[in-house]
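**Q** First the structure, which I've put down as structure tokens, then a few questions once you've had a look.
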2 protein chains.
Amino acid sequence: MTELTPRAEFLLKILVERYIADGQPVGSRTLAKKTGLALSPATIRNVMADLEEMGLVRSPHTSAGRIPTQLGYRVFVDSLLTVQPLDVEQVRKFEHEFRTEEDPQHLIETTSHLLSEMTQLAGIIMVSRRESQVGFHQLEFVGLSGQRVLVILVTQDGQVQNRIIHAERRYSPAELVQAANYFNETYSGTPLGAVKRALVTDMQRVTEDMHRMMQLAIEIARRVFLDEKREGDDLVVSGESNLMEFPELGDIQKLRKLFDTFTSKRDLLHLLDLSMRAGGVKIFIGSESGYEALEDCSVVAAPYTADGEVVGTLGVIGPTRMPYEHVIPFVDITAKLLGGALSSLGR
Amino acid sequence: MTELTPRAEFLLKILVERYIADGQPVGSRTLAKKTGLALSPATIRNVMADLEEMGLVRSPHTSAGRIPTQLGYRVFVDSLLTVQPLDVEQVRKFEHEFRTEEDPQHLIETTSHLLSEMTQLAGIIMVSRRESQVGFHQLEFVGLSGQRVLVILVTQDGQVQNRIIHAERRYSPAELVQAANYFNETYSGTPLGAVKRALVTDMQRVTEDMHRMMQLAIEIARRVFLDEKREGDDLVVSGESNLMEFPELGDIQKLRKLFDTFTSKRDLLHLLDLSMRAGGVKIFIGSESGYEALEDCSVVAAPYTADGEVVGTLGVIGPTRMPYEHVIPFVDITAKLLGGALSSLGR
DNA sequence: TTTTGGCACTCGAGTGTTGAGAGTGCTAAT
DNA sequence: ATTAGCACTCTCAACACTCGAGTGCCAAAA
């Protein structure tokens, strides 16, 4: 009885769909009606017993219908799900949003909002700081009070990063400009990863006779590029409050854990990181992720690219009982559109 | 009976304190015990009836104790409240946090976290973009693809703003550098407000014979400084999920409204703006603000200064029933410490 | 061998009742 | 002016009860 017959599969599919639709445990009678097959409730019950034995469904108590287990969801999304085609009209509107936005930072936030609004779930989007591939455009040094120097790093895709570093001595504005010039002339256009590598070798070559200007430039840049203390990846979350609509998250304590997760971000980042390596839409169901707070939640995520390179991940987070058939293609198209928008911006 | 006797005042104070402490309606018996006065419950009842008539307390139903009304809270915080002195040890630790942080942006976020952590409420902090008073330090133009130009504005306190503008034509890097140089030489150190005014007069003087370089600089800068579409003030909120602990906000719908308010920010900004004009700690109780979402909440806010100028507002938001006697001095000291930290950074 | 009908059983949700407890308002006595 | 006493009201928790949905299992039918 450890074999999953086509009929059992079909019934599981109907059951999951039904449960996703109205959140109530599904009984044998309902199932018998909703499925096209001419089977009596009793037969259904037998099949359900099998499914339960296989760990795909369970009943919350003796006399309730069945609900899918995590494994059940897994099987459902992996092999049973039929994704809905997207509404053409909506896609068109959606594309428009992406075409009109120009500022990359803003584009990221807009995307997150769109995700949450369209799906009525919480939208998440991560911008990877693994910027090894992104071209380096310009570096500026601005002297602040004391021995602090503000470093402004502009990448070729228009992203700007600011960092304040503490120098060993005070530098004159002229020195800083010179150093920046040297740096920009030497490395402009080079991918950031390559810059880092070059810095290391350059440093080894730093000798007494090297021009002071270059020494300064390399010293400051080293602090910027190699400083390990830097912040991790960027994460934007929006529409968290959409999650409050779902009764299964109604328990305030659960909700609170979830919100704290959003604030601390660490767990989510790790999850998104996983999905970044694999292409295409990836789905994490319930506690598969190993994070307690995400117990009753699923994450649907997809990496997005800019000019062929994966630069981040986006997706939504919602209760395990979410309309996957709509969410999945939606996340997919969003990743593609964002990738397209970012790529066209870069040139 | 429209007069508030000292005894009635005293009883109101005890009642509010008691209600804040354990969230239960306070009955005449409890009140008779907790107050030092040797009064019988019956007497208390008479007084309570008076207070009820004056609209300072109400009973949720016939036979429950009394709870303060919004007006009652108002009277309480305005004239009855005795603030608790802060724990010296804690203040010292607190001061340390401020002294070690250097990056202003980071400082803001840290402050918000501190606020929420220490009070177990939601911390809010607004950075006013009314930057008229802040000195202008440096402007950089970086050409991006197409006709877009990235403008980086550095203020004297180390804040950096990025903005992307669309130029009418493509500018060469050399042109941009020249324009920036002109601008930096002309205006560095000038307060931003003054820069704006100067721009307007400069523009009137722009004639055919003016140097092309200056024209360019002024044109770009005009777009940056006078563009009305720019984002409003910055608002950082943290610890929202602390609010979930309070039973009076337990209704998911209410909570959701609140969270949406945090996301949309507009209402909160308006409120904080109010408190910015007046110095010192200001308290908004319940719907005094006129915002439905804040019905059962109070906001305790104080403006903070940098080098003598008000540059923003910080505070906490929590249920009306919050421990004002601790929160108020806490918000106060935080505002002062942040102001001090910002001022010392600027030099 | 698979499917079905029937039957006993379980559980949860909703409903009505009841009694205890807390608190009030009013009045008469101090 | 204050207090004691009393009747009254309201909430809340406990309890018993019913109803309906759904299950498991067995024996009969296909």
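The values are calculated or read from the model by the stated rules, or taken from the named source; none is laboratory data. This structure is a prediction, so every number in the text was calculated from the model and none was measured. Quick reminder, even Gly has a Cβ in these numbers, built from the backbone with ideal geometry, and neighbours come from all protein chains shown. Only protein heavy atoms, including side chains, enter the accessible area calculation; ligands, DNA and RNA are left aside. Shrake-Rupley method; radii C 1.70, N 1.55, O 1.52, S 1.80 Å.
**Q** Tell me which residues come under 5 Å, amide H to amide H, from A:Y304 once H is placed; ignore anything under 5 positions away on its chain.
**A** A:V311, A:G312, A:T313, A:L314
**Q** Just to be sure I understand the model, the point goes 7 Å from the Cα along the line to the Cβ. What's the resulting B:R99 to A:A278 distance in nm?
**A** For B:R99 paired with A:A278, the spin-label model returns 5.2 nm.
**Q** Specify the residue with the greatest mean-square fluctuation among A:Y187, A:Y73, A:Y171, computed from a Gaussian network of chain A linking alpha-carbon atoms under 10 Å apart.
**A** Most flexible of the set in this elastic network: A:Y171.
**Q** Take the alpha carbon atoms of the stretch B:49-83, find their center, do the same for the stretch A:64-101, and report the distance between the two centers in whole angstrom.
**A** 52
**Q** Another question, then. For label points placed 7 Å from Cα toward Cβ, what is the shortest-first list of nm distances from B:L39 to its copies?
**A** 7.4
**Q** So which lysines pass the test for B:K33, namely a Cα distance under 25 Å, with those fewer than 8 places away in the same chain ruled out?
**A** Straight-line reach from B:K33, under 25 Å: B:K13.
**Q** Could you work out the percent of alpha carbon pairs in the stretch B:6-80 separated by over 22 Å, rounded to a whole number?
**A** Roughly 10 percent, once rounded to a whole number.
**Q** How far, in degrees from 0 to 90, does helix B:88-100 lean away from the longest principal axis of the Cα atoms of chain B, to the nearest 10?
**A** So the helix axis and the longest Cα principal axis differ by about 10 degrees.
**Q** Then there is this: Do me a favour and compute the ellipsoid semi-axes for the stretch B:64-185 from its Cα gyration tensor, root of five times each eigenvalue, largest one first, whole Å.
**A** Equivalent ellipsoid of the stretch B:64-185: 48, 19, 13 Å, largest first.
**Q** Then there is this: Which lysines, if any, have their Cα less than 16 Å from the Cα of B:K93, not counting same-chain residues under 8 positions apart?
**A** Here the lysines satisfying the reach criterion relative to B:K93 are B:K336.
**Q** Based on DSSP H runs of at least 4 residues, each adding -39500 (n - 2.57), what is the mean residue ellipticity at 222 nm of the protein assembly as shown after dividing by all its residues, to the nearest 500 deg cm²/dmol?
**A** One gets -15000 deg cm²/dmol as the mean residue ellipticity at 222 nm.
**Q** Test of understanding: in a Gaussian network model of chain B with alpha carbons linked when under 10 Å, which of B:T263, B:T320, B:T155 would top the mean-square fluctuation ranking?
**A** Sorting by GNM fluctuation, first place goes to B:T263.
**Q** From the label point of A:E288, set 7 Å from Cα along Cα→Cβ, how far away are the matching label points in the other copies, in nm, ordered shortest to longest?
**A** With the label placed 7 Å along Cα→Cβ, A:E288 yields 5.2 nm.
**Q** Ignoring any ligand, DNA or RNA, what whole percent of the accessible area of chain B comes from carbon and sulfur when the probe is 1.4 angstrom?
**A** On chain B, the fraction of accessible area on carbon and sulfur atoms equals 50 percent.
**Q** Using packing as a proxy for protection, rank B:290-301, A:240-251 so that the peptide with the highest average count of other Cβ atoms within 10 Å comes first.
**A** Ranked from most to least packed, the peptides come out as B:290-301, A:240-251.
**Q** If you don't mind, there's one more thing I want to ask. Of B:K34, A:K33, which has the most accessible area and how do the rest follow, probe 1.4 Å?
**A** A:K33, B:K34
**Q** Can you give the angle from 0 to 90° between the axis of helix B:41-53 and the longest principal axis of chain B, with both taken from C-alpha atoms, to the nearest 10?
**A** On a 0 to 90 degree scale, this one is about 40.
**Q** Related question: Can you list the residues of the stretch B:84-110 that have at least 50 square angstrom less accessible area with all protein chains present than in their chain by itself, probe 1.4 Å?
**A** When all protein chains are present, B:E102 each give up 50 Å² or more of accessible surface.
**Q** Now, a different point. Using a Gaussian network model of chain A with C-alpha springs under 10 Å, which one of A:D202, A:D332, A:D234 is most mobile by mean-square fluctuation?
**A** A:D202
**Q** After finding the eigenvalues of the alpha carbon gyration tensor for chain A, what semi-axes result from the square roots of 5 times each, listed largest first in whole Å?
**A** 52, 19, 17
**Q** Once you put a point 7 Å from the Cα of B:K33 and another 7 Å from the Cα of A:R45, both along the Cβ direction, what distance in nm separates them?
**A** 5.7
**Q** If you put a point 7 Å past Cα along the Cβ direction, how far is that point for A:S145 from the same point in each other copy, in nm, smallest first?
**A** Distances to the matching label points in the other copies: 4.2 nm.
**Q** With equal scatterers on the alpha carbons only and no solvent term, can you work out the Debye log10 of I(q)/I(0) for the stretch B:248-347 at 0.16, 0.19, 0.23, 0.24 1/Å?
**A** So the normalised log intensities work out to -0.69, -0.90, -1.16, -1.22.
**Q** So, one more: Rounded to whole Å and ordered largest first, report the semi-axes of the equivalent ellipsoid of the protein assembly as shown derived from its Cα gyration tensor (root of 5λ).
**A** 48, 43, 22
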